[in-house]
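Heads up, the thing below is written out as structure tokens.
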Amino acid sequence: MINWNNLDTLKSFQKLKDAKHIDLVKAMSGENGAERVGKYSVPMAEGMVYNYAAKEIDDDILSTLAELAEEAQLADKFKALYEGEVVNTGEKRMVLHQLTRGQLGKDVIADGVNKREFYLTEQKRIAEFAGKVHSGEIANAAGEKFTTVVQIGIGGSDLGPRAMYLALENWAKKHDTFKMEAKFISNVDPDDASAVLNSIDVAHSLFILVSKSGTTLETLTNQSFVMDALKKAGLNPAKHMIAVTSETSPLAHSDDFITAFYMDDYIGGRYSSTSGVGGAVLSLAFGPEVFAAFLDGAAAEDKLAANRDLFKNPSMLDALIGVYERNVLGYPSTTVLPYSQALNRFPAHLQQLDMESNGKSVNRFGEPIDYVTGPVIFGEPGTNGQHSFYQLLHQGTDIVPLQFIGFRNSQLENDVDIQGSTSQQKLCANVVAQIVAFACGKTDENLNKNFKGGRPSSIIIGDEVDPKTLGALLAHFENKVMFQGFVWNINSFDQEGVQLGKTLAKKVLAHETEGALTAYSRLFNI
């Protein structure tokens, strides 16, 4: 039997709070540090490794975290989720994004439909459609091939797919799988749509409208914007647009689209990159085989997440160390630092994934909780970030845990040797140096040049950003967020916090305002 209890009622959490804190500077200095780097590491899928040597943990703390994992029944709760129990209590829904890339347990039947078969059917439909577009069987009015695909969507319909596309764009070009350039329109700001439309040849462009409900204000506004541009170019919008939506939405059987691909209510936007939301644009851009490899990587990481042994389960371990940092050490934020330009939008996706999921102050039953939950997430690729906010990270008054991501090889394999080392070697040298600098610091009598150290970090290391490693990386963070939500006893799968602003915006547009809302509206001449 699964018990859903608040974190502060668990005996192992009280034990964790009483645990002796370690001196990270001492632990990571000299041979101690070398020993920890070899010891505190766990394999991930697709040849990657999660190394947590520079975290403020030791064997005693790790033992208590294992007790917490057992007492909080994390493995059991994940099993309940992937076997179709209603885990999203706020919306009374199942949570099935893992089922888009593999099946970890028994069949999940909803509304009389086997959901794994449903997702596979949609993937097959997308693959067949992409093949027809690439071959020219589906073409524009002049019989010419589409060369550009534009995704219209916001939130999870934009951030995840955009980050995945950018991560694989150079890899696809290097491996001759680049089929179509992809662009993205998300913001309701007209300059966003205008800039994209001005950068493409609309006659050779295929547009994907992504909206589960078919009622999203920003997305429908941008649809109208695009349709207007197509009409002005003398084109029929219905011959240039497809939809990714639910079967019950007004978009599902509309004559405004060439075809529609379906998603369901069991996959939240921020978890939808492995569904048709990511599948359509990535299959059109790179080919269905690349998207399939991406799913394989995610599925392999999901299998590790189902392991009951904490020390063979990298996402669960990452999650619990994060809980220790947030709820015992009191650190308010976490920064994600990919030392890979391919992942330049990955932190933006993780911001939504983490903060929209775990930015909650009530438990899964709607009751107030008395402990902190999700941290503030931010980040930037290295080495760019080093010349931006690392000053605060090294010498600021707040300690911010760091999550590094690094790869041994570049995607394009185009490099030069300058002053005895290649650019890729310089990139890797920087990430190695930063881990030790943050952990160990440097003593200086001039306090302005003194580094206290004691800044904890972890790193995920792989060979190269490719479809499989990217899928595994995505699944790692999705599962980390899930496990933390379980520990905090919150619902990581709804997002009521985004609703109030939307409601008030509609009132502003309808001129149904009063007080400050009216006053602010006047400042914008609304």
For residues that are more than 20 Å from LYS303 (Cβ to Cβ) and of a type in the set (A, V, I, L, M), scanning just the range 95-120, find the one that is most open to solvent (accessible area, probe 1.4 Å).
ILE109
Does GLU56 satisfy the criteria of being buried (at least 17 other Cβ atoms within 10 Å of the Cβ), at pLDDT 95 or above and not basic (Lys, Arg)?
yes
Every residue in the range 71-89 that is touching a Phe, Trp or Tyr at 6+ places or on another chain (Cβ under 9 Å) and outside any helix (DSSP H, G or I), please.
ALA72, GLN73, GLY84, VAL87, ASN88, THR89
When the range 363-382 is examined, which residues are found to be within 23 Å of the chain's Cα centre (by Cα) and open to solvent by less than 60 Å² (accessible area, probe 1.4 Å)?
ASN363, ARG364, THR373, GLY374, PRO375, ILE377, PHE378, GLY379, PRO381, GLY382
Would you pick out the residues in the range 474-508 that are exposed (fewer than 14 other Cβ atoms within 10 Å of the Cβ) and either within 21 Å of TYR50 (Cα to Cα) or out of contact with any Leu (no Cβ under 9 Å at 6 or more places or on another chain) (or both)?
GLU496, GLY497, VAL498, GLN499, LEU500, GLY501, THR503
Just give me the residues in the range 127-140 being in contact (Cβ under 8 Å) with a residue 60 or more places away in the chain and either touching a Lys or Arg at 6+ places or on another chain (Cβ under 6 Å) or among the aromatic types (Phe, Trp, Tyr) (or both), in sequence order.
PHE129, HIS134, ILE138
Is one or more of the residues making up the range 249-272 farther than 18 Å from THR100 by Cα, of a type in the set (Val, Ile, Thr), touching a residue at least 24 places away in the same chain (Cβ under 8 Å) and open to solvent by less than 10 Å² (accessible area, probe 1.4 Å)?
no
Please specify each residue of the range 383-421 satisfying the condition of being surrounded by fewer than 16 Cβ atoms within 10 Å (Cβ to Cβ), assigned to a helix (DSSP H, G or I) and touching a residue at least 40 places away in the same chain (Cβ under 8 Å).
GLN395
State yes or no: is ILE57 within 17 Å of ALA319 (Cα to Cα), among the β-branched types (Val, Ile, Thr), over 21 Å from the mean Cα position of the chain (by Cα) and part of a loop (DSSP other than H, G, I, E, B)?
yes
Given (1) within 15 Å of VAL432 (Cα to Cα); (2) part of a helix (DSSP H, G or I); (3) touching a Lys or Arg at 6+ places or on another chain (Cβ under 7 Å), where does GLU46 come up short, assuming only one miss?
(1)
Residues that are buried (at least 17 other Cβ atoms within 10 Å of the Cβ) and closer than 18 Å to LEU62 by Cβ, drawn from the range 25-36
ALA27, MET28, GLY33, ARG36
In the range 484-526, how many are assigned to a loop (DSSP other than H, G, I, E, B), of a type in the set (S, T, N, Q) and in contact (Cβ under 8 Å) with a residue 60 or more places away in the chain?
4
The range 121-214: strands (runs of 3 or more DSSP E) wholly inside it with 1 or more residues that are surrounded by fewer than 17 Cβ atoms within 10 Å (Cβ to Cβ) and at pLDDT 95 or above are 181-185
Subset of the range 61-81 [closer than 29 Å to ALA27 by Cβ and open to solvent by 50 Å² or more (accessible area, probe 1.4 Å)]
SER63, GLU67, GLU70, GLU71
Only one of these is surrounded by fewer than 24 Cβ atoms within 10 Å (Cβ to Cβ), at pLDDT 95 or above and under 30 Å from PHE261 (Cα atoms): VAL290, VAL328. Name it.
VAL290
If we ask which residues in the range 341-365 are without any contact (Cβ under 8 Å) to a residue 60 or more places away in the chain and assigned to a loop (DSSP other than H, G, I, E, B), their number turns out to be 1
Residues of the range 13-43 satisfying the condition of being under 29 Å from the mean Cα position of the chain (by Cα) and not in a helix (DSSP H, G or I):
TYR40, SER41, VAL42, PRO43
Boolean, ASP318 is in a helix (DSSP H, G or I), at pLDDT 95 or above and within 28 Å of PRO456 (Cα to Cα)
yes
Say whether the condition of being assigned to a strand (DSSP E or B) and within 24 Å of SER357 (Cα to Cα) is met by at least one residue in the range 60-69.
no
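The values are calculated or read from the model by the stated rules, or taken from the named source; none is laboratory data. Quick caveat, the model's predicted, so the values are computed rather than measured. A quick note on method: Cβ atoms are made from the backbone with ideal geometry, for glycine too, and the neighbour counts reach across all protein chains shown. To get the accessible areas, we keep the full protein, side chains included, count just its heavy atoms, and leave off ligands, DNA and RNA. Shrake-Rupley method; radii C 1.70, N 1.55, O 1.52, S 1.80 Å.
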